[in-house]
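This report concerns only the one structure given below.
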Amino acid sequence: MVAALTGKAHNPTKDFILVKKQKDVMVPCGIPYIFGTLESSEKNLMPVDTMMEKNGITSIVDEATEIIHKEKKVRFKSGEEIKYDKLVIATGSTPVKPKWLQGADLENVFVIPKDRYYLDDMIARLASLKKVAVIGAGFIGVELSDELNKRGYAVTLIEKLPHILNLAFDEELSVKIEELIQTRGVKVLSGNGIKEVRGKGKVESVLLEDGSSLEMDAVILSMGYKPNTALANQSGIYVDEDNFIAVDEYMRTHEKDIFAVGDCAQKRDFITRKRVPTMLASTACAESRIAGMNLFNLHVVKTFIGTIAIYSTAIGDIGFGTAGVTEQRAKEEGIDSIQGLFEGIDRHPSNLPGAHKQIVKLVTARHSGVIIGGEVIGGPEAGELTNVIGLAIQNRMTVNSLLTAQIGTHPCLTASPAAYPLIKAAESIAISMLKNAAAI
């Protein structure tokens with residue numbers, strides 16, 4: 001959708017066709033909320049057809065079955081063939097259902113696809129059930145657990161790693177998030193993975209790695225996603241060993257005039273430069289804008305410079321987000337880092353309505369002071385503050401840049417200018433760097 005809109009905006013004389021598999025397109029990040037807050041999928045649809053019509057783009061419902069790139073045409077399930085000058089592949093990802101998991105095909109074992117019809121059926125089937133196990137405590141697993149809990153389900157969130165959101169946050173913050181979701185009524189079992197789903201025809205219990213068994217009515221697998229690249233692979237478009245479509249900085253594949261964006265396209269970490277399996281709507285949109293701008297005319301300055309994993313979500317009125325690498329990830333990658341953490345209040349004075357604690361942790365490269373990561377817990381504005389940290393990372397800002405930054409503050413909107421958590425966390429790092437320099 002974004003590639004078509006951007007491409008049309010930069011090439012208004014060209015004809016653009018958007019092909020989608022289903023008429024109704026879900027807001028991907030809103031999917032967990034149809035199980036609680038939104039109450040149905042109807043309130044989580046994107047007005048794709050309206051947007052396309054408004055921008056002069058043809059939108060059709062069909063399914064591509066073959067890309068014949070030597071003839072520059074695509075064959076569809078309907079039998080239609082469409083020729084192209086440029087082609088963008090945005091086939092996304094599909095949920096992982098591990099082959100090793102015995103009982104994964106029992107009735108009432110679900111995954112979370114971006115498929116409205118599947119999800120509507122899932123909601124209907126869950127209606128008569130009570131005990132639900134959510135397997136995997138990444139962002140989707142956490143959000144889904146909280147939403148199901150709101151609807152009165154007895155939810156157990158099971159995570160193999162020591163804490164929920166363990167890959168996104170360092171321990172001192174992930175522990176706080178874990179405590180928060182537990183106080184809302186979700187049972188959390190961390191450090192203990194699933195071994196088997198048991199039942200005669202349908203779910204009756206789950207067996208965990210420590211040998212314990214829990215009675216359940218349903219199991220929801222939130223164990224990640226894999227790139228949906230079968231079409232590209234079968235059509236002779238190069239995919240890497242992890243099944244992502246290989247692309248360059250302009251999002252071009254190995255085949256002339258074919259681009260790939262989103263979850264199906266190869267990613268490279270902005271900091272480590274290693275290939276990573278990051279799948280985010282925000283990353284997909286950034287890639288799509290790059291592809292759209294470069295379809296017919298390469299803009300040398302408009303390239304995709306690497307994936308910065310920027311996530312944010314909320315539980316109740318508490319928001320939390322993360323950008324770049326964590327302290328733990330930096331250590332694993334051999335990056336010598338310094339961290340700064342500050343806990344303040346997001347209003348001044350703190351007695352104003354809507355005030356929340358605001359915790360900011362920054363991670364910087366030790367010798368350069370360049371910001372490479374950050375984590376935030378606070379009120380609803382935590383998501384935007386996380387985006388600011390992401391912008392700082394992308395522009396390779398240093399601790400000194402933050403210390404000298406000019407900011408606007410207001411009692412009802414922000415923390416105090418004298419104790420702004422983002423700047424105070426940077427100050428903490430600067431002091432550590434001075435002490436280290438003095439010791440040398």
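The values are calculated or read from the model by the stated rules, or taken from the named source; none is laboratory data. Computed from a prediction, not measured in an experiment: that's the story for all the values here. Cβ placement follows ideal geometry from the backbone for every residue including glycine, while neighbour counts extend to all protein chains displayed. Only protein heavy atoms, including side chains, enter the accessible area calculation; ligands, DNA and RNA are left aside. Shrake-Rupley method; radii C 1.70, N 1.55, O 1.52, S 1.80 Å.
Values computed for the structure shown
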{"read-out": "Cα centroid separation, region 423-440 to region 248-300 (Å)", "value": "37"}
{"read-out": "Region 1-146 - percent relative contact order, Cα under 8 Å, separation 6 or more", "value": "21"}
{"read-out": "Estimated FRET transfer efficiency when R0 is 60 angstrom, pair Glu172-Thr13 (beta carbons, to 0.05)", "value": "0.65"}
{"read-out": "Over region 292-368, relative contact order from alpha-carbon pairs under 8 Å, at least 6 apart, %", "value": "22"}
{"read-out": "Whole-number percent relative contact order across region 151-198, with pairs defined as alpha carbons under 8 Å at least 6 apart", "value": "55"}
{"read-out": "Accessible area expressed per residue, region 286-339, with surrounding protein chains retained (probe 1.4 Å, Å²)", "value": "42"}
{"read-out": "Per residue accessible area of region 1-129, 1.4 Å probe, in Å²", "value": "56"}
{"read-out": "Spatial separation of Cα centroids for region 344-413 and region 183-200, in angstrom", "value": "34"}
{"read-out": "Chain lengthening between Lys23 and Ala281 when straightened (0.36 nm per residue, less Cα-Cα)", "value": "90.9 nm"}
{"read-out": "Potential lengthening between Phe296 and Ala230 on full extension [0.36 nm per residue; Cα-Cα distance subtracted]", "value": "21.1 nm"}
{"read-out": "Heavy-atom accessible surface of region 304-420: percent carbon and sulfur, 1.4 Å", "value": "54"}
{"read-out": "Carbon plus sulfur fraction of accessible area for region 1-113, probe 1.4 Å, in percent", "value": "52"}
{"read-out": "Dipole magnitude of region 1-142 about its Cα centre (Cβ charges: Lys, Arg +1; Asp, Glu -1), debye to nearest 20", "value": "360"}
{"read-out": "For the chain, share of DSSP beta bridges that run antiparallel, in % to the nearest 5", "value": "65"}
{"read-out": "Identified option (computed Cα extents along the principal axes in Å; candidates (i) 71, 47, 44; (ii) 70, 59, 42; (iii) 64, 55, 35)", "value": "(ii)"}
{"read-out": "Average accessible area per residue (Å²) across region 149-267 - probe 1.4 Å, nucleic acids and ligands excluded", "value": "45"}
{"read-out": "Computed E for Ala439/Ser401 - FRET, C-beta separation, R0 35 angstrom, nearest 0.05", "value": "0.90"}
{"read-out": "Gain upon complete extension [Ala127, Gln328; 0.36 nm per residue less C-alpha separation]", "value": "68.3 nm"}
{"read-out": "Separation between Cα centres of region 87-119 and region 20-56, rounded to whole Å", "value": "18"}
